[in-house]
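Take a look at the structure set out below.
Every read-out reported here was derived from the displayed coordinates using simple, explicitly stated rules and does not represent laboratory data. Just so you know, these numbers come straight off a predicted model, no measurement behind them. Every residue, glycine as well, gets a Cβ built from its backbone with ideal geometry; the counts of neighbours run over all protein chains shown.
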Amino acid sequence: MRHRQRAWCTAAVSVAAMTTPAAASAQSGHNLERPEHWKVRYDGSGEAAERNFVVMRPGWHVYAGSGGLLWDPGRFASGNYAVKSTIYLFPKGDPDRSGSTRIDTPFGLFLAGRDLEGDEPTYVSFQIDNAGRFRIARHTGDEVQEYVPWTAHDVVTLLDEPATSPAENVLEVDVRGEKTIFYVNDAVVADLPVEDIGLEGLIGLGAGEGLSLHITEIAIGPNRRDE
């Protein structure tokens, strides 16, 4: 049975800005203004660029625009660590009111980011979409190596049309010893050998074209699970 949209919540959360996986600090910037230090790279572009992206406590809001990566250069991790992000997908509607023109492009986390402003950025994406699928892949420039191709899973929360409230999904990655465990809404969707992927580097967000997303946290810290 598919998960459908959940009620919008505004519970307080903490956000991690990393120099080591165990450290954390509050989100940067003033409310409703662009987050301090964050960078954006549009899909298909070799240059960092702007997207309508603001601090909206708790967390951040990304409005409709070109697809791309968003990251804080001080937010990275290595070794054993866990990362968790809660993301709300908003309904398609009037861009002046909802900020959304599409709901069908993928979104999620990226890890192991390197040279993101260079000619051949590399990163590992952990994405979901509103068709109820997830994918894990390594991106090196324009090349994509899929560790898990687009796969349907009933734990992904969907945004029905016509929808009046956003759909909530929680993505987690636990890099533990010899394996990396990927979770959607507290359910394991993949378990991959660490040596096959390597997840040391920058951590940030991937936002598909035209989406309106609210991200309440990017919490990075020690392993949380015993699996």
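Using the Karplus relation 6.51 cos²θ - 1.76 cosθ + 1.60 with θ = phi - 60°, the per-residue 3J(HN,Hα) values for region 169-179 come to 9, 10, 9, 9, 10, 10, 8, 9, x, 9, 9 Hz, with x marking Gly and Pro. Most tightly packed first, judged by the mean number of other beta-carbon atoms within 10 Å of their residues, the peptides 99-110, 32-43 read 99-110, 32-43. Between rounded, prolate and oblate, where does region 13-221 land on the alpha carbon gyration tensor, with a ≥ b ≥ c its root eigenvalues, rounded for a/c under 1.5, else prolate if a/b exceeds b/c? Cα axes put region 13-221 in the rounded bin. Net charge near Glu120, counting Lys/Arg +1 and Asp/Glu -1 over other residues with Cβ under 10 Å of its Cβ? Summing Lys/Arg as +1 and Asp/Glu as -1 gives -3.
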